[in-house]
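Peer 1: One structure, as structure tokens, below. Some questions next.
The values are calculated or read from the model by the stated rules, or taken from the named source; none is laboratory data. Quick caveat, the model's predicted, so the values are computed rather than measured. Glycine also receives a Cβ, built like all others from the backbone with ideal geometry; neighbour counts cover every protein chain displayed. Ligands, DNA and RNA are excluded from the accessible area calculation, which covers all protein heavy atoms including side chains. Shrake-Rupley method; radii C 1.70, N 1.55, O 1.52, S 1.80 Å.
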Amino acid sequence: MMEKEIRNEDLKIELRTLTKDDYLGIKASMIEAYSEWEGASVWGETQIAKLVELFPEGQICILVNGRVAGCALSIIVDYDKFGDSHNYLQITGNYTFSTHDPDGDVLYGIEFFVHPDFRGMRIGRRMYDARKEICERHNLRAIIAGGRIPVYKEYAATLSPKQFLEKVKGKEIHDPTLSFQLANDFHVLKILKGYLSGDTQSLEYASLLEWNNIYYAEEQVHLNTNKSVIRLGLVQWQMRPFPSLDSLYEQIEFFVDVVSDYQSDFILFPELFNAPLMTAYNHLGGAEAMREIAKNTITLRDKFIEYAISYNINIITGSMPYMEDGMLQNVGFLCRRDGSHEMYRKIHLTPSEKNAWGMVGANSLAAYDTDCGKIGILICYDVEFPELPRLLAEQGMQILFVPFMTDTQNGYTRVRSCAQARAIENECYVAIAGSVGNLPKVHNMDIQYAQSAVFTPSDFSFPSNGIKAEATANTETTLIADVDVDLLKQLHNFGAVRNLQDRRLDLYKILNNSKG
């Protein structure tokens, strides 16, 4: 019964684990699968029974209308015991499977075939997907297999195994085994010589193939393990006069309390949220007033640290003016819920920051470790310079926080559009939070425009428009959104496009000369 004789409406396909009773079907299918390999041996009934007993979940078959159409056999090994220079007898314990170790770190594929009648039905892909699920479920770091290269015999007179491999990669040559493995996200670690005795088609060469489990966790899960789903809380802050520092504290604590009630992991405040304190210095020029409120920055930082601990939330303080060595900078603080903190600084300053307040830009940049993974923080204008987020992405940043302050809608559009671009090109989440309202009589701070939002990459696992959540424009509010960092791992490795992987680093690179 050939594949073309089977009508689609008559097909019944079943993927399941093997049982000992499947042996005769496996044997018959394997004989047909290896009919062109002279001298190929077939698994014995005792060997199949042993595999089913040792590791039942790792033995997979596909049935089409009750016939065994394909089979995939595997064991778990402690790969350090073998390394990358082993052969088939060694990895299988001379076919005894004594090498199977439930506490090992690698799922090793020892057999894979599809009956010729059922090739072209993507049965092999189904079995490989099932193998990958097993690898992830058992928290194994990789799938490894020695792949035959049965077409190599035809090219051995003119091509070395390495040259043959490169031509298969470049799709100049089609090898039914190797081409299939490469199409299923495997990569070749090396070419093995003398891997499988009697494999005359491959001249006993094999490609050592590996598929990496991006979800592999080296240590067992415990209370302090980084979470997959991270809850972000963004504060769209209303600019209003505050009669005292205590009244500002009260407003800050209100938002921290509200956002922490939703069990958020982070809360983000806007850029220069404490500018209302300048109302007490209306008699001074804008530069002098900004330097006066800078005197409260460390006091504010300490209050944020207190709130981070007491409300069990990581606080990104937006930004505040800060005097250091006689120079005015725009800085903020990451206040972790364990009591530790970091200072981040604005690098690129707008003309108004320079001209109205006499601020200077900093020269330090760093990604920060948190209990929810690695994050980056850029203040407003900095997000409009793609080099900075790229440097943070190279340090492993998963979420970029952008506190901003814009007075007009076109200023806001610049920040928003650039933030969305950074999410796509760096394959990360970007959260932006700004201020709304107005501050009459405060120099260079009179009006505000904002619509806080959380942006995502644009791929199948994310919203099609790249927007996870957004607040109502120009209204004081909070925005709560969950982001799943495991989806970023999928994107990095299996996305429709892979911006980070596909960069032409042979043509260009970004050098990090910062002191951070």
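Peer 1: Heavy-atom accessible area per residue, the chain, 1.4 Å probe: how many Å²? Present the calculation step by step, with values, prior to reporting the outcome.
Peer 2: Values: 23640 Å² over 516 residues.
With the other protein chains kept in place, the chain gives 46 Å² per residue.
Peer 1: Stick to Cα atoms and the Kirkwood definition of Rh, then tell me Rg/Rh for region 133-291. Intermediate values should be presented prior to the final figure.
Peer 2: Working: Rg = 31.1 Å, Rh = 21.9 Å.
A ratio of 1.42.
Peer 1: Moving on to the next point. Below 18 Å, Cα to Cα, which lysines can Lys169 reach? Residues fewer than 8 away in the same chain don't count.
Peer 2: Those lysines meeting the cut-off are Lys153, Lys190.
Peer 1: Cross-link partners among lysines for Lys303, C-alpha distance below 22 Å, same-chain residues fewer than 8 apart left out?
Peer 2: Counting by Cα, and skipping residues close in sequence, Lys303 has these lysines nearby: Lys295, Lys346.
Peer 1: Sequence neighbours fewer than 8 away in the same chain don't count; with that in mind, list the lysines whose C-alpha is under 19 Å from Lys50.
Peer 2: By straight Cα distance, Lys50 reaches Lys20, Lys27.
Peer 1: Shifting gears a bit: What does the charge count near Arg148 come to, summing +1 for each Lys or Arg and -1 for each Asp or Glu among other residues with Cβ under 12 Å from its Cβ? Mind showing how you got there, number by number?
Peer 2: Working: positive: Lys153; negative: Glu36, Glu111, Asp175, Asp199, Glu204.
Net charge in that neighbourhood comes out at -4.
Peer 1: Using 0.36 nm times the number of residues separating Leu54 and Thr475, minus their current alpha carbon distance, what extension gain do you get? All intermediate terms of the calculation are to be shown ahead of the outcome.
Peer 2: On the way: separation 421, 0.36 × 421 = 151.56 nm, distance 6.24 nm.
Length difference between fully extended and current span is 145.3 nm.
Peer 1: If you don't mind, there's one more thing I want to ask. How much FRET efficiency would the formula 1/(1 + (r/R0)^6) give for Phe254 and Met327, where r is the Cβ-Cβ distance and R0 is 41 Å, rounded to 0.05?
Peer 2: Values: r = 33 Å, r/R0 = 0.81.
E between Phe254 and Met327, to the nearest 0.05, is 0.80.
Peer 1: Continuing with the same structure: Looking at region 1-134 from every direction and averaging, what is the projected area of its Cα convex hull in nm²?
Peer 2: Numbers: hull surface 34.4 nm².
Averaged projected hull area, Cα only: 8.6 nm².
Peer 1: Under the Karplus relation 6.51 cos²θ - 1.76 cosθ + 1.60, θ = phi - 60°, what is the ordered set of whole-Hz ³J(HN,Hα) values for region 178-185, x standing for Gly and Pro?
Peer 2: 5, 4, 5, 5, 5, 5, 9, 6
Peer 1: Between Ser98 and Glu136, 0.36 nm times their residue separation minus their Cα-Cα distance comes to what? Intermediate results must be reported in sequence, preceding the final value.
Peer 2: Working: separation 38, 0.36 × 38 = 13.68 nm, distance 2.30 nm.
Difference between extended and current length: 11.4 nm.
Peer 1: Give the separation of the Cα centroids, region 95-116 to region 368-445, in Å.
Peer 2: 48 Å
Peer 1: Explain nothing, just compute: Karplus ³J(HN,Hα) = 6.51 cos²θ - 1.76 cosθ + 1.60, θ = phi - 60°, for every residue of region 283-298 in order, whole Hz, x for Gly and Pro.
Peer 2: Taking θ as phi minus 60°, the curve returns 6, 9, x, x, 5, 5, 5, 5, 6, 5, 6, 5, 5, 8, 5, 5 Hz for region 283-298.
Peer 1: Say R0 is 41 Å: what FRET efficiency, to the nearest 0.05, do Phe385 and Leu245 get from their beta-carbon distance? Mind dumping the intermediate values first?
Peer 2: Working: r = 34 Å, r/R0 = 0.82.
Between Phe385 and Leu245 the formula returns 0.75.
Peer 1: What is the extension gain from Lys227 to Ala356, computed as 0.36 nm multiplied by their sequence separation minus the C-alpha to C-alpha distance, in nm to one decimal? Don't skip to the answer; put the middle values down first.
Peer 2: Numbers: separation 129, 0.36 × 129 = 46.44 nm, distance 4.30 nm.
Additional length available on full extension: 42.1 nm.
Peer 1: At a 1.4 Å probe, what is the % contribution of carbon and sulfur to the accessible area of region 32-169? If you can, show how the numbers build up before the last one.
Peer 2: Details: 2770 of 6160 Å².
Carbon-and-sulfur percentage of accessible area, whole number: 45.
Peer 1: If you restrict to DSSP beta bridges whose two residues both lie in the chain, what percentage is antiparallel, to the nearest 5?
Peer 2: On the way: 62 of 85 bridges.
Of those bridges, close to 75 percent are antiparallel.
Peer 1: Same structure again: If R0 is 45 Å, what FRET efficiency do you get for Ile309 and Phe82 from their C-beta distance, rounded to 0.05?
Peer 2: Working: r = 49 Å, r/R0 = 1.08.
Here the calculated transfer efficiency is 0.40.
Peer 1: Moving to a separate point now. Applying the Karplus parametrisation 6.51 cos²θ - 1.76 cosθ + 1.60 with θ = phi - 60° to the phi angles of region 330-347, what ³J(HN,Hα) value in whole Hz is obtained for each residue in order, glycine and proline being reported as x?
Peer 2: Each residue of region 330-347 in turn: 9, 9, x, 9, 8, 9, 7, 6, 8, x, 7, 8, 9, 9, 10, 9, 7, 9 Hz.
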